[in-house]
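Engineer: Handing you a structure now.
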Amino acid sequence: MPGPGLVDHTGKPFPSFEEGIKKNGFEKFVVSLLESASWAALTNNNNNNNSNNNNNNGEHEGDMLNQAWQYMHMYPNKVDLGKVVTGEFVFSSAGIPLLDRTFRAPAFHWFLPWGTQAKINFVNHPSVTQSVINALDNKGNSALFYCHVGHYQAGCKSDSSALRSLLADPRFLCLEFPRFGVPDFFWDARKVEVLIRRNMALSSRAAHAKKSKAMVNSNHGGCSLLHNICDESLLRGTAPVSLIRLLRSHPEFRAINHVASGGLRFPSSDHIYVPTCVAAVLFKSYTIARAKLVEALLEPHASGDESQDFRIRKWHSLAEIAKTSGYPRKIISLITARSDNSSNNRAAAVLAKPRVRTGPMKRSAAAVAKKTIAKPKPKAQVKSVVKKPAAKRG
């Protein structure tokens, strides 16, 4: 229980739990507590508390929410959990300075890391429809984002239970894998492949279809989905070639040449800061599986569209990385060949700018004059008529 004397920002004592639900209703009161608790945590994180809330520090909101969970279990018939789950509010992302601080999203997103603690399966709740489970916040993040990001109630951790619930739900369609402490042991390549196929099969007439499909190119934290897979942060061991080819065949995928930024480094990996997905693999020591992964990344796109091929601008550095990591000559030769056959040739073609005939070629003045001089017509041949001699008279 919070200590005595807790007051709000106006200096008035906080209302009791009973007073709060009587005045606002249980659902609205809980949503307002969630928002207030989030901002209290952000204030505490920044050490910007004023004298009026120094002795609160989110303690009041935490106590009220604990009472709300108890009330929810004791009187389930008096609670419309659907209103709570779908109620939108603005909350913060405390402790993550690289991100925008405010997010407006359905409370369902916020509840995900609380699923185990509150002993409520929010994903299976009747109020969580397909539109709710695939809803995006005002920053374009999906529910999957909220299983990773370090909200104040979970810290910089991932909720494996919530992650599994989302991936297993056939309604979930968003391809978003931000890099925030994702446990290596959790991910299964087959589950990721199923999600990619599910996203690819999404009808263009479905709600959020365009945005959901475009998430295959998301790069939260400066790292693309392909970076995360190649760096083994999403999958245990080395990603199978089938997953890479499936991802590249996604009609919306355009991120093969995305350059990682931000320099984010976590205990699970030390290589995500490298610039390209190919380099993310090459920085690791050579194995047959990783060599096949590099081959899959460097092979031409199945459609023949060269704009979707991996472009090698600094093949010397990539080749040196491969050599240092123990990759065989075949991989080094492939890197060199792809550079010569793709980037260099395309660059040379652009620089050369071959002339394109857009009209008749201009002729020299002499040639024009020569043509204008009329050639003399050949004399007509006159046939000579030879008269037969007259017959002699007898």
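Engineer: Among the residues in region 331-348, are any closer than 26 Å to residue 224 by Cα, surrounded by fewer than 12 Cβ atoms within 10 Å (Cβ to Cβ), modelled with pLDDT of 90 or more and of a type in the set (A, V, I, L, M)?
Structural biologist: No: zero hits.
Engineer: Also, quick follow-up: Given the options 22, 12, 28, name the one that is exposed (fewer than 13 other Cβ atoms within 10 Å of the Cβ) and modelled with pLDDT of 80 or more.
Structural biologist: None of the other options fit; the residue is 22.
Engineer: Out of curiosity, is residue 188 modelled with pLDDT under 65 and either open to solvent by 10 Å² or more (accessible area, probe 1.4 Å) or touching a helix residue (DSSP H, G or I) at 6+ places or on another chain (Cβ under 9 Å) (or both)?
Structural biologist: no
Engineer: Oh, and also: Could you list, in sequence order, the residues of region 31-65 that are farther than 21 Å from residue 105 by Cα, at pLDDT below 85, open to solvent by less than 80 Å² (accessible area, probe 1.4 Å) and assigned to a helix (DSSP H, G or I)?
Structural biologist: Listed by number, the residues that qualify are 44, 45, 46, 60.
Engineer: Tell me which residues, restricted to region 297-317, are of a type in the set (A, V, I, L, M) and surrounded by fewer than 18 Cβ atoms within 10 Å (Cβ to Cβ).
Structural biologist: Across region 297-317, the qualifying residue is only 302.
Engineer: Which residues, taken from region 207-244, are open to solvent by 30 Å² or more (accessible area, probe 1.4 Å) and free of Cβ contacts under 8 Å to residues at least 24 places away in the same chain?
Structural biologist: Result: 210, single match.
Engineer: Just to be sure before I move on: is residue 329 free of Cβ contacts under 8 Å to residues at least 40 places away in the same chain, under 23 Å from residue 261 (Cβ atoms) and among the charged types (D, E, K, R) in the structure I sent?
Structural biologist: no
Engineer: Sticking with this one: Would you please name the residue that is nearest to residue 143 (Cα to Cα), looking only at residues in region 214-242 that are in contact with a helix residue (DSSP H, G or I) (Cβ under 6 Å, 6 or more places away or on another chain) and of a type outside the set (Val, Ile, Thr)?
Structural biologist: 234
Engineer: Inspect all residues belonging to region 255-269 and state whether any of them is open to solvent by 50 Å² or more (accessible area, probe 1.4 Å) and at pLDDT 90 or above.
Structural biologist: So far as region 255-269 goes, no, none of its residues is open to solvent by 50 Å² or more (accessible area, probe 1.4 Å) and at pLDDT 90 or above.
The values are calculated or read from the model by the stated rules, or taken from the named source; none is laboratory data. These numbers were taken from a predicted model, which means no experiment stands behind them. Methodologically, a virtual Cβ is constructed for each residue, glycine included, from the backbone with ideal geometry; neighbour enumeration extends over all protein chains shown. SASA here: full protein model, heavy atoms, side chains in, ligands and nucleic acids out. Shrake-Rupley method; radii C 1.70, N 1.55, O 1.52, S 1.80 Å.
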